[in-house]
Amino acid sequence: MIKIGVLASGRGSNFQSIIDAVERGYIDGEIRVLITDNPEAYAIQRAEKHGIEPVVMKPGDWENRDAYYQAVAAELGKREVDLVVLAGFMRIVGKPLIDAYPMRIMNIHPAILPSFPGLHGQAQAADYGVKVSGCTVHFVDEGMDTGPVIIQAVVPAYHDDTEESLAERILRQEHRIFPYAIKLFAEGRLSVEGRKVVVEGKRNPGEVLINPPIED
Ligand code: GRF
């Protein structure tokens, strides 16, 4: 059983999907701690409701970024966390944390990377007028949304989508693929070869019927 540490900044709907997956035994793991940079995060209430310890760590309380991420790594280390999950953690993770957990930090991004990295991936996609978008779970490296891709799910995008309508469609997929990626990790089925994540037993865990026959 793996020990999971979650970092979240906001409403925590992805956090909730992971809590639910753990509670129903889909993920063979235990969530040891929620660390948040935002004392107002709704994620804190979700943690409390499910008996998960919430820890508020505001970056401003540390001397600099490195000191902050060293402290975050120490909190995770104290709880013997095996996997760090960024569930809507709205910051670029600093080197001390990445070095402490190489290829053991996962993030979810609401676009098909490498398109539309950074903030507001859904608005970027809606404004660009793409016809498909989706979400990506990836391991975290020092770049912004640049680490090796674990799984992606696609959704259609429409000319009359708003940021909100597209975000809602994408979010439904986030809640499916993030717990799945964590389950694969917990089962020891993920290995990283350069930029490629190899999933034991699956050539592509997100495989769907992407291009059905065109009929009109
Ligand atoms: C999600 O859209 C996620 O992809 C992005 O931040 C948002 C977090 O939403 N990284 P929630 O807090 O999990 O509801």
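The values are calculated or read from the model by the stated rules, or taken from the named source; none is laboratory data. The shown structure was predicted, so the numbers you read here are calculated from the model rather than taken from an experiment. Note: ideal-geometry Cβ built from the backbone for every residue, glycine included; neighbour counts use all protein chains shown. Remember, those area values only see protein heavy atoms, side chains included, never the ligands or the DNA or RNA. Shrake-Rupley method; radii C 1.70, N 1.55, O 1.52, S 1.80 Å.
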Problem set entry | Single residue of A21, A74 found to be touching a helix residue (DSSP H, G or I) at 6+ places or on another chain (Cβ under 8 Å) and either more than 11 Å from the ligand (Cβ to nearest atom) or open to solvent by less than 70 Å² (accessible area, probe 1.4 Å) (or both) | A21
For this session: Give the residues of region 31-47 that are open to solvent by 10 Å² or more (accessible area, probe 1.4 Å) and either of a type in the set (A, V, I, L, M) or over 26 Å from K58 (Cβ atoms) (or both), sorted by residue number.
Result: I31, I44
For this session: Taking the residues in region 24-48 that are basic (K, R) and not in a strand (DSSP E or B) as candidates, determine which candidate is farthest from the ligand (Cβ to nearest atom).
Result: R24
Problem set entry | F139 under 20 Å from T36 (Cβ atoms) and either among the aromatic types (F, W, Y) or free of Cβ contacts under 8 Å to residues at least 12 places away in the same chain (or both) | no
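For (1) away from the ligand (no atom under 13 Å from the Cβ); (2) of a type in the set (S, T, Y); (3) open to solvent by less than 30 Å² (accessible area, probe 1.4 Å); (4) more than 16 Å from the chain's Cα centre (by Cα), each residue gets a yes or a no:
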position: M57; (1), (2), (3), (4): yes, no, yes, yes
position: W62; (1), (2), (3), (4): yes, no, no, yes
position: F89; (1), (2), (3), (4): no, no, yes, no
position: K95; (1), (2), (3), (4): yes, no, no, yes
position: A123; (1), (2), (3), (4): no, no, yes, yes
position: D127; (1), (2), (3), (4): yes, no, no, yes
Problem set entry | Top-ranked residue in region 146-174 [being part of a strand (DSSP E or B) and open to solvent by 40 Å² or more (accessible area, probe 1.4 Å); ranked as nearest to the ligand (Cβ to nearest atom)] | Q152
Exercise. Hey, among the residues in region 129-141 that are out of contact with any helix residue (DSSP H, G or I) (no Cβ under 6 Å at 6 or more places or on another chain) and under 29 Å from Y69 (Cα atoms), which one's most open to solvent (accessible area, probe 1.4 Å)?
Worked result: D141
Exercise. Which one of these does S9 not meet: (1) away from the ligand (no atom under 16 Å from the Cβ); (2) outside any helix (DSSP H, G or I)?
Worked result: (1)
